[in-house]
Amino acid sequence: MRRQSEPDNTHSAGDPDGVKTRSPKLWQWLSLRLSGLLLITFVAIHLWVLHYEEIPSSSFQEIAAKLRSPGFVFLDLALLVLALYHGLLGFFRVVSDLGFLGPKGEKFLGMTLSLAGVAGLLLGYQILKAFLE
């Protein structure tokens, strides 16, 4: 039971009726779990197909042709997006939970990490595009 002096964090500041709302931290927590599960699944598929699937002769050209298939291109792009999202959001949550940045510092860190994520996506896409040509 909540004591009278404890703040009630289940209501939003602009909610005069006191209707319970969900915190953005909950959705971030859930999205980190989901992206982690997808990362594990996609990495397992990636490793299985490249290293354990039967390939009659494992020449570079055959492996490169397999990596150029639409399924593998999707898998590589998904791994890139998920790894960047999971890593950058995880870093943000850890630093944010430490509590020494304050609201302006957290906003600045969030914007900086978002820009780093966009830069990482563009760089990763350019590398993948160069490999596909």
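Observations on the model:
- Residue identified as at pLDDT 85 or above and part of a helix (DSSP H, G or I) among I63, I40: I40
- Candidates L84, L115, filtered to the one that is loosely packed, with under 11 Cβ neighbours inside 10 Å and hydrophobic (A, V, I, L, M, F, W, C): L115
- Residues (over 14 Å from the mean Cα position of the chain (by Cα) and surrounded by 16 or more Cβ atoms within 10 Å (Cβ to Cβ)) located in the stretch 87-108: V95, S96
- Filtered residue count, the stretch 69-111, keeping only those that are in a helix (DSSP H, G or I) and within 25 Å of F131 (Cα to Cα): 18
- Here Y85 passes the criteria (1) without any contact (Cβ under 8 Å) to a residue 12 or more places away in the chain; (2) in contact with a helix residue (DSSP H, G or I) (Cβ under 7 Å, 6 or more places away or on another chain) except the one numbered (1).
- Yes/no for D8 being modelled with pLDDT under 55, in contact with a Lys or Arg (Cβ under 9 Å, 6 or more places away or on another chain), part of a loop (DSSP other than H, G, I, E, B) and at negative phi: yes
- Pairing each residue of the stretch 24-38 that is more than 15 Å from L88 (Cβ to Cβ) with any residue that is surrounded by 13 or more Cβ atoms within 10 Å (Cβ to Cβ) and at pLDDT 90 or above, provided the two are 6+ apart or on different chains, yields C-beta distances under 6 Å for L38/L82.
The values are calculated or read from the model by the stated rules, or taken from the named source; none is laboratory data. Please read all numbers here as calculations on a predicted model, not as lab measurements. Positions of Cβ are generated from backbone atoms using ideal geometry, with glycine treated the same way; all protein chains shown enter the neighbour counts.
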